[in-house]
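Encoded as structure tokens, the structure appears first; notes follow it.
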Amino acid sequence: MGTGIQTSNGKAFEYACVIALCEQLDKDQRIVIEHSMQLSTAKRLYDSAKEGLKESLDAAARSAVKVIKRLEPQLCNSIGNEPLWISLQADAAGIGGDVRDILCLRKQNGWEIGLSCKHNHHAVKHSRLSGTIDFGQEWLNIPCSKDYFNKVVPLFSELRELRDRSKMEGKPVLWAELEEKNEKYYIPVLQAFMEELRRIACKSNENVPEKLIRYLLGRYDFYKVITDDKNRTTKIEGINIAGTLNCSSDGLKPIVKIPVLKMPTQFYHIGFKVGSKNTIEVVCDEGWQISMRIHNASSKVEPSLKFDVNLVSFPITIHTQTEPWDNDSNIKRRQRLGEYAEKLLGKG
């Protein structure tokens, strides 16, 4: 699936989750959906999706909310802290360290939870490398060395020259036209990145593995909601690092206790994935393992590269639940949901 289609479906899924939250939570409380450009975009992409995809998005979202409301009593038990505010976050929030797509907030007592919605993929934060980006400073608050920049700047400068020269000639060069791009660019950039990550970990007294995980997962606890269209299931993961998830509400306790995740303290392995020229693996203690694939974000050559980061494994204590979809594919029901959504959106 192309990146553009994946992004569009992901935003449509965010809208489906907003409607599922409202459908299942507004029986005994007032809900307000905050209007925003993000919400309008998500609604437009949802409305333009094919009927079969809409059905899948709705089913996946309903299954997610069924699980989360059992884990979060404050979603249903307002104890006077109304309304429940629901909003979509701007993409820029992720750059600032907040990976949550949907926020559910009670402004009266400051309680909130967030959802990170993924449509058929598990990727976390996407970050770039270039000749000017100090990943050490941005990710870990520990600057990269001159040695790192001495290795990567010539590579990205060469890419910039290729781009600029081809533009002047009237035909921007494409990555597909470059010979041995793995050997000339991907591999040396990744080698420099891995060497620098090891250096920072060795030289710093700070807990670099924990900082890396916290950067990738964001500054806030959240529920990761992942659709699996092929198997008609939704997977829910409780990313509970600061212990803010799963709180009781006026004596009403959640049906399951979500443990606080242990953070890593050391790197066991940093190296290329076996048989790969563009993917590295970072293995830590406490069960954390990361896969980082570097790629060109655009078909045209640019002086930067992008990471596609996946968490391969979590600590064994992470709360994970896979919920099957219901079999309700009734179009009339879906039309009613559409009318229901319009009514709710009119309340903002």
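Identify all residues within segment 2-19 that are over 17 Å from Ser298 (Cβ atoms), over 15 Å from the mean Cα position of the chain (by Cα) and surrounded by fewer than 23 Cβ atoms within 10 Å (Cβ to Cβ); write none if there are none. The answer is none; no residue qualifies. Whenever a residue of segment 160-175 is more than 18 Å from Leu129 (Cβ to Cβ) and part of a loop (DSSP other than H, G, I, E, B), its partners that are modelled with pLDDT of 90 or more and open to solvent by less than 60 Å² (accessible area, probe 1.4 Å), lying with C-beta atoms within less than 8 angstrom and at least six residues away or across chains, give the pairs Pro172/Arg163; Pro172/Ser166; Pro172/Val301; Val173/Leu162; Val173/Arg163; Val173/Ser166; Val173/Val301.
Could you tell me which residue of segment 190-223 is surrounded by the most Cβ atoms within 10 Å (Cβ to Cβ), considering only residues that are β-branched (Val, Ile, Thr) and under 24 Å from the mean Cα position of the chain (by Cα)? Per the stated criteria, the residue is Val208.
Considering only residues in segment 161-189 that are of a type in the set (D, E, K, R) and under 28 Å from Ile200 (Cα atoms), the one that is surrounded by the fewest Cβ atoms within 10 Å (Cβ to Cβ) turns out to be Glu183. Restricting to segment 226-242, name every residue that is assigned to a loop (DSSP other than H, G, I, E, B) and either of a type in the set (A, V, I, L, M) or more than 16 Å from Phe314 (Cα to Cα) (or both). Asp229, Lys230, Asn231, Arg232, Ile241, Ala242, listed by residue number. Scanning segment 291-324 for residues that are of a type in the set (Phe, Trp, Tyr) and open to solvent by less than 20 Å² (accessible area, probe 1.4 Å) yields one hit, Phe307.
Checking segment 261-272 against the condition returns a match, with at least one residue being closer than 30 Å to Leu162 by Cα and either in a strand (DSSP E or B) or free of Cβ contacts under 8 Å to residues at least 40 places away in the same chain (or both). Here Leu155 passes the criteria (1) touching a Pro at 6+ places or on another chain (Cβ under 8 Å); (2) in contact (Cβ under 8 Å) with a residue 40 or more places away in the chain except the one numbered (2).
Screening segment 21-55 for residues that are under 20 Å from the mean Cα position of the chain (by Cα) and hydrophobic (A, V, I, L, M, F, W, C) and picking the one that is surrounded by the fewest Cβ atoms within 10 Å (Cβ to Cβ) gives Met37. Can you say whether Leu140 is open to solvent by less than 80 Å² (accessible area, probe 1.4 Å) and within 30 Å of Ile33 (Cα to Cα), as far as the supplied structure shows? The answer is no for Leu140. Which of the residues that make up segment 236-256 are touching a Lys or Arg at 6+ places or on another chain (Cβ under 8 Å) and either open to solvent by 50 Å² or more (accessible area, probe 1.4 Å) or more than 20 Å from Ile68 (Cβ to Cβ) (or both)? Residues satisfying the conditions are Ile255, Val256. Among the residues of segment 257-290, those identified as surrounded by fewer than 16 Cβ atoms within 10 Å (Cβ to Cβ) and more than 18 Å from Ile316 (Cβ to Cβ) are His269, Gly271, Phe272, Lys273, Val274, Gly275, Ser276, Lys277. Residues in segment 77-88 that are over 9 Å from Ser249 (Cα atoms), open to solvent by 20 Å² or more (accessible area, probe 1.4 Å) and in contact with an Asp or Glu (Cβ under 8 Å, 6 or more places away or on another chain): Trp85, Ser87. It is to be established whether one or more residues within segment 91-111 are modelled with pLDDT of 95 or more, open to solvent by less than 20 Å² (accessible area, probe 1.4 Å), within 12 Å of the chain's Cα centre (by Cα) and under 30 Å from Arg232 (Cβ atoms). Yes; the residues of segment 91-111 include at least one that is modelled with pLDDT of 95 or more, open to solvent by less than 20 Å² (accessible area, probe 1.4 Å), within 12 Å of the chain's Cα centre (by Cα) and under 30 Å from Arg232 (Cβ atoms).
The values are calculated or read from the model by the stated rules, or taken from the named source; none is laboratory data. Nothing here was measured: the structure is a model prediction, and the numbers come from that model. Because the Cβ atoms are built from the backbone with ideal geometry, glycine has one as well, and the counts that use them run over all protein chains shown. Just so you know, the surface numbers come from the protein's heavy atoms only, side chains and all, with ligands and any DNA or RNA stripped out. Shrake-Rupley method; radii C 1.70, N 1.55, O 1.52, S 1.80 Å.
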